[in-house]
1. Among the residues of the range 46-66, write down those that are closer than 23 Å to TYR221 by Cβ and of a type outside the set (A, V, I, L, M).
2. Is it the case that GLU131 is more than 24 Å from LYS250 (Cβ to Cβ) and in contact with a strand residue (DSSP E or B) (Cβ under 9 Å, 6 or more places away or on another chain)?
3. With the requirement that a residue be in contact (Cβ under 8 Å) with a residue 60 or more places away in the chain and either under 17 Å from ILE200 (Cβ atoms) or among the hydrophobic types (A, V, I, L, M, F, W, C) (or both), what does the range 14-23 give you?
4. Mind checking which pairs have a first residue in the range 160-171 that is more than 15 Å from GLU143 (Cα to Cα) and a second that is modelled with pLDDT under 95 and assigned to a strand (DSSP E or B), Cβ under 8 Å, 6 or more apart or different chains?
5. Would you confirm whether or not the range 74-97 contains a residue that is among the hydroxyl-bearing types (Ser, Thr, Tyr) and closer than 20 Å to THR50 by Cβ?
6. Which condition number does ILE33 fail, the rest of (1) more than 20 Å from ILE127 (Cα to Cα); (2) in contact (Cβ under 8 Å) with a residue 60 or more places away in the chain being met?
7. Give LEU95, LEU49 a once-over and let me know the one that is within 16 Å of the chain's Cα centre (by Cα) and without any contact (Cβ under 8 Å) to a residue 60 or more places away in the chain.
8. Looking at the range 52-70, which of its residues are hydrophobic (A, V, I, L, M, F, W, C) and either without any contact (Cβ under 8 Å) to a residue 12 or more places away in the chain or over 21 Å from PRO124 (Cβ atoms) (or both)?
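The values are calculated or read from the model by the stated rules, or taken from the named source; none is laboratory data. Quick caveat, the model's predicted, so the values are computed rather than measured. With ideal geometry, Cβ positions are generated from the backbone for all residues, glycine too; neighbour counts draw on all protein chains shown.
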Amino acid sequence: MLFDTHAHLNAQQYEEDLEQVIERARKEGVSNIVVVGFDQPTITSAMELTEKYEFIYACVGWHPVDAIDMTDDDLKWIEDLASHPKVVAIGEMGLDYHWDKSPKEIQKEVFRKQIRLAKKVNLPIMIHNREATADIVEILKEENAAEVGGIMHCFSGSAETALECVEMNFYISLGGPVTFKNAKKPKEVAAAVPFDRLLIETDCPYLTPHPHRGKRNEPGYVKLVAEQIAEIKNVSFEEVAAVTTANAKKLFGIS
C-alpha cells in the first residue's frame, strides 16, 4: 500500500497513455494518489480525475509562478471546490524565486491569501518552495499556518529546516531526488525527520527517481522512493509503505 501524495496526472505528458500509467501504479501497490491542480485547466482536469477514479483525490490551489494571473474569482472558485469530498488540500502554493514571471510581492500576497483560505475551509496546505525557504518559513509563521498544517512538497532544504517545519505542524514529503546518488540533503532529511512526519511522492511527470532518471516519471515509481527511505532508515520497505500511507490518510482525512 503506497500513497503518492503529489502527482500531475493532469499533465499533457499523459494524454496518450493515462490508463496504462494508472494500471502500472496499481500493480506496484499504489493505493491512493493526490493529483494537484495549480491553475484553471489543471484544477478542472484534477477534479475530473477524482470523479473517474475512486482512489484519486485532488489538491486545488494556485502556483506561485502564475500568481500574477490569479483573480478574486479564481480564489472564490477554489473556496467553492474545497467543500467537494474528494478535495483533500489547498495548493500547491508558496514561493518560486527561480522564475521571474510573477513579482515576489505578488507571490507573497497570493500565498497569504491561500493560507487564509485554507484556514477558513479547514484543509491542509501543499507548499511549493523554490529558492525561497526563509521567506516561506517566515510567512507560514506570520499566518499561523500551523493551525491547518500541511506538506512541504518535494522538500529540498536542510535537515535542520525540515525539523523546523515539523515543529510548525508540517509533514516532509520526499520524491525522486532522495534516490539520486549525489543528493546528500534529501538523504539527510530522510534520516532526520521523525517517521510519523514523513510522506512520499513522485511529482510526476517530473523528478523521476533513479534508475529511470531523465525519463517521464509516473506514480508507480513512488515505490523506488519508499525503498530508498527504507534503506536510509534501516527498516523494511513494508514499514515505510505502511507508515507513510497512514500519515497521508491522517493528514488528508481519508478513512
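1. THR50, LYS52, TYR53, GLU54, PHE55, TYR57, CYS59, HIS63 - these are the residues of the range 46-66 that are closer than 23 Å to TYR221 by Cβ and of a type outside the set (A, V, I, L, M).
2. Details: more than 24 Å from LYS250 (Cβ to Cβ): yes; in contact with a strand residue (DSSP E or B) (Cβ under 9 Å, 6 or more places away or on another chain): yes.
When the stated conditions are applied, GLU131 passes them.
3. We begin by selecting, within the range 14-23, every residue in contact (Cβ under 8 Å) with a residue 60 or more places away in the chain; these are 14, 21-22.
Scanning the range 14-23 gives VAL21, ILE22.
4. Close Cβ pairs (under 8 Å, with a partner that is modelled with pLDDT under 95 and assigned to a strand (DSSP E or B)) do not exist here.
5. yes
6. For ILE33, the exception is condition (1).
7. Values: LEU49 fails: within 16 Å of the chain's Cα centre (by Cα).
Criteria check complete, one pass: LEU95.
8. Residues satisfying the conditions are VAL65, ILE68.
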